[in-house]
1. Might you check whether a residue that is without any contact (Cβ under 8 Å) to a residue 12 or more places away in the chain and of a type in the set (S, T, N, Q) occurs anywhere in region 210-230?
2. Residues in region 66-81: is at least one out of contact with any Phe, Trp or Tyr (no Cβ under 7 Å at 6 or more places or on another chain) and either aromatic (Phe, Trp, Tyr) or at pLDDT 90 or above (or both)?
3. Of everything in region 108-125 that's in a loop (DSSP other than H, G, I, E, B) and surrounded by 15 or more Cβ atoms within 10 Å (Cβ to Cβ), which residue is modelled with the highest pLDDT?
4. Can you tell me how many residues in region 213-234 are assigned to a helix (DSSP H, G or I), within 20 Å of GLN266 (Cβ to Cβ) and either of a type in the set (A, V, I, L, M) or more than 22 Å from the chain's Cα centre (by Cα) (or both)?
5. On the basis of being free of Cβ contacts under 8 Å to residues at least 60 places away in the same chain and either part of a helix (DSSP H, G or I) or closer than 21 Å to GLU126 by Cα (or both), does SER258 make the cut?
6. For region 166-178, does any single residue satisfy the condition of being modelled with pLDDT of 90 or more and either of a type in the set (A, V, I, L, M) or assigned to a loop (DSSP other than H, G, I, E, B) (or both)?
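The values are calculated or read from the model by the stated rules, or taken from the named source; none is laboratory data. Since this is a predicted model, take the numbers as computed values, not measurements. Glycine also receives a Cβ, built like all others from the backbone with ideal geometry; neighbour counts cover every protein chain displayed.
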Amino acid sequence: MKCTACQGKGKLSHPYLENTVGTCQKCKGTGTMPDEQLQDCPTCDGSGSINIGPYSESKMCNDCTGTGKRTVKVDIPEVVGPTSITEMKPPEWKGPIQVKQESTTITKQTQHQANIETFMRGAQQELPKVPTQPSPKDCVLRSRLILEEALETIAGLGVRVWVGYELLENPRKGVNKSNLGSKIVFDTCGTFDMVEVADGCADISVVTIGTLSACGIKDHALLEEVDKSNTAKIEGGHKDEHGKWIKPANWTAPDIMSILKSQGYQPPEK
């Protein structure tokens, strides 16, 4: 007879917890409920025959027809626990499960950086384990690579760059920023090349992320911090005459030093 609690499945799915299956307590997971059962015949004690008369003559047991077994009705005992889906109660809510996670984001690197470092090892380039100042030779190499790829990308954009004879200082440091336009002139007399632009941008990423690796800096946390800081420039910012987005007055710079220190950087004493 099919079990009416689990409909012959032997399992019960919990209505409140996904992918939770329990054994049906009524049929003990068999899916069937025996309403009849074979037992040893009580008349012949399961032998199938009985002895009668003064000479113990053996005779077939009529109650079990010589089989030694009898079919008897059995009562299904009451069981403790749910026997049907509707009897299952939702679990008591105890709040979200807190999973302890170790903070490894600071020292994590992207797969892109890992691939670049594979190439750099093959090229026998230095890869310090913690943020470290490269040698003057390596600083020149990284500068040359970045400038070459930047100029190739600019050429792919169809733009030519003219640089004056004066020493071009870093405009972010505030040196000669006012007359920067007189030193660098951009014109669009070239031809735009989509392939060169795509290739150049990818190569710039390779040489700049490679420069982080040459300095022992892992890129993941750094990029996230800079992305967050750049996004914060939108509200309250504006464009200048060249189309560059200018940060608002209350903008907060990314906390680069904290990330570097977390990766093992020890700033030089002033």
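1. yes
2. Quick first cut of region 66-81, residues out of contact with any Phe, Trp or Tyr (no Cβ under 7 Å at 6 or more places or on another chain) only: 66-81.
After this cut, where a residue has to be either aromatic (Phe, Trp, Tyr) or at pLDDT 90 or above (or both) as well, the list is none.
No - not one qualifying residue is present in region 66-81.
3. Narrowing region 108-125 to residues in a loop (DSSP other than H, G, I, E, B): 108-110, 123-125.
Filter once more, keeping what is surrounded by 15 or more Cβ atoms within 10 Å (Cβ to Cβ): 109, 125.
Details: GLN109: 91, GLN125: 94.
Among them, the one singled out is GLN125.
4. 4
5. Details: free of Cβ contacts under 8 Å to residues at least 60 places away in the same chain: yes; either part of a helix (DSSP H, G or I) or closer than 21 Å to GLU126 by Cα (or both): yes.
So SER258 fits the description; yes.
6. Taking region 166-178 first, the residues modelled with pLDDT of 90 or more are none.
No: zero hits.
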